[in-house]
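*Asks:* Below is a structure I'd like to ask you about.
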Amino acid sequence: MAQILPSIFGANILRLQDEIRFLEEENTEILHVDLMDGTYVSNIAFGPNQISAMKKASKMVFDVHMMLANPERHIDAVINTGAEMISVHYESTPHVHFVLQKIKKAGRKAGVVINPGTPENVLEYLLDDIDYILIMTINPGQPGQQFIEKSLEKIRNTRKLIAGRNIQIEVDGGVNLEIAKKVQDAGADLIVVGGALFNDNPKSSYQALKSAMH
Ligand code: DX5
Ligand code: ZN
């Protein structure tokens, strides 16, 4: 059964504490938290200080999605937020293996992220060093984009690449109720949802998403 990971980037920043409380009342296990630097991606969002503050106010497992240039320069600060899961973009550094090792040495789950234009087979020599693969199903940085259908093929191919290893597949971007079912059927374990959850009726949207998972 796939899990829905709410993306806090989609929440109302002026009601952050209420949003966190709502997610905990809904028994959310993992919260997806975007970190964007305005250089690797066009947007700017949650830095390590804000993530630490949110982490202290929550019992959820934090899944920090690093979208920043030179992740090796920032990884210690991200580890210090207390996040249990940390992912780094394959394309963001020539030292992706180094960053993954730092995450693992700190006792956290390490994830590697690939953009829509990056084939899954570049991960071949990283498979023994990771706990999850995050497949971007939009181009990272901006909310409200449309899910890229070709991603379904990539999810299936990634499942083959993993070949029974203990690695989870996460997807992020443009997921709504209908697409959540499709990505689960293609082999996704962790499904990030932003805009389709934090809408006019988050409670019913979230419950519908969760009950669509089997
Ligand atoms: C986008 C972020 C996502 C974002 C997804 O770059 O990585 O986590 O919050 O938002 P939706 O689900 O609205 O596409
Ligand atoms: Zn994300």
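*Asks:* Report the Cα centroid-to-centroid distance between the stretch 1-32 and the stretch 143-177 in angstrom, as an integer.
*Replies:* So the separation of the two Cα centres works out to 21 Å.
*Asks:* Can you give me the relative contact order of the stretch 1-139 as a percent, contacts being Cα pairs under 8 Å and 6 or more apart?
*Replies:* Taking the mean separation of contacting Cα pairs over the length of the stretch 1-139, I get 17 percent.
*Asks:* Can you grab the distance from the C-alpha centre of the stretch 189-214 to the C-alpha centre of the stretch 90-128, Å, no decimals?
*Replies:* 27 Å
*Asks:* Enumerate lysine pairs in the stretch 3-212 that are 8 or more residues apart or on different chains, then count those whose Cα atoms are under 14 Å apart.
*Replies:* 4
*Asks:* With a point put 7 Å past each Cα toward its Cβ, work out how far residue 17 is from residue 98 in nm, to one decimal.
*Replies:* Here the modelled spin labels are 4.1 nm apart.
*Asks:* Using θ = phi - 60° and the Karplus relation 6.51 cos²θ - 1.76 cosθ + 1.60, list the HN-Hα couplings for the stretch 106-122 in order, rounded to whole Hz, with x at every Gly or Pro.
*Replies:* Listing the rounded values in order: 7, x, 9, 7, 9, x, 10, 10, 10, 6, x, x, 9, x, 5, 6, 5 Hz.
*Asks:* Same structure again: If you plug each phi of the stretch 209-214 into the Karplus form 6.51 cos²θ - 1.76 cosθ + 1.60 with θ = phi - 60°, what whole-Hz ³J(HN,Hα) values come out, in order, with x for Gly and Pro?
*Replies:* Per residue, the Karplus-derived 3J(HN,Hα) values read 4, 5, 6, 7, 8, 9 Hz.
*Asks:* If you don't mind, there's one more thing I want to ask. Compute the longest continuous run of the chain that contains no exposed trypsin sites (Lys or Arg not before Pro); treat a site as exposed when its DSSP state is not H, G, I, E or B and it has at most 16 other Cβ atoms within 10 Å.
*Replies:* In short, 60-149.
*Asks:* If you take the square roots of the eigenvalues of the alpha-carbon gyration tensor of the stretch 98-214 and sort them as a ≥ b ≥ c, do you get rounded (a/c under 1.5), prolate (a/b over b/c) or oblate?
*Replies:* On the way: a/c = 1.80, a/b = 1.64, b/c = 1.10.
Cα axes put the stretch 98-214 in the prolate bin.
*Asks:* Follow-up. Mean-square fluctuation check for the chain, GNM, Cα pairs under 10 Å: which of 42, 52, 87 is largest?
*Replies:* Of 42, 52, 87, the most mobile in the Gaussian network model is 42.
*Asks:* Over 5 Å intervals from 0, what percent of Cα-Cα pairs in the stretch 3-212 sits in each interval?
*Replies:* All Cα pairs, binned at 5 Å, distribute as 1, 7, 17, 21, 22, 17, 10, 3, 0 percent.
*Asks:* Still on this structure, I have one more. Name the shape class, rounded, prolate or oblate, that the alpha-carbon gyration tensor gives for the stretch 1-119, where a ≥ b ≥ c are the square roots of its eigenvalues, rounded holds for a/c under 1.5, and otherwise prolate holds if a/b is larger than b/c and oblate otherwise.
*Replies:* prolate
*Asks:* How would you rank 124, 19, 24, going from fewest to most other Cβ atoms within 10 Å of each one's own Cβ?
*Replies:* With the fewest neighbours first, 124, 19, 24 line up as 124, 24, 19.
*Asks:* Further question: Could you run the Karplus curve 6.51 cos²θ - 1.76 cosθ + 1.60 with θ = phi - 60° over the stretch 68-73 and give me ³J(HN,Hα) per residue in whole Hz, x for Gly and Pro?
*Replies:* Per residue, the Karplus-derived 3J(HN,Hα) values read 8, 6, 6, x, 5, 7 Hz.
*Asks:* Next question. Give the order of 172, 76 when sorted by the count of other beta carbons within 10 angstrom, beginning with the fewest.
*Replies:* Listed from fewest to most nearby Cβ atoms, that is 76, 172.
*Asks:* Something else: What does the charge dipole of the chain about its Cα centre add up to, to the nearest 20 debye, if the Cβ of each Lys and Arg holds +1 and the Cβ of each Asp and Glu holds -1?
*Replies:* Rounded to the nearest 20 debye, it is 240 debye.
*Asks:* Using 0.36 nm per residue of separation minus the Cα-Cα distance, give me the extension gain between residue 105 and residue 178 in nm, one decimal.
*Replies:* Stretched fully, the residue 105-residue 178 segment lengthens by 22.5 nm.
Just so you know, all these numbers are worked out from the coordinates, no wet-lab data involved. Everything numeric in this text was worked out from a predicted model, so none of it was measured. For neighbour counting, all protein chains shown are included, and Cβ atoms are generated from backbone atoms with ideal geometry for every residue, glycine included.
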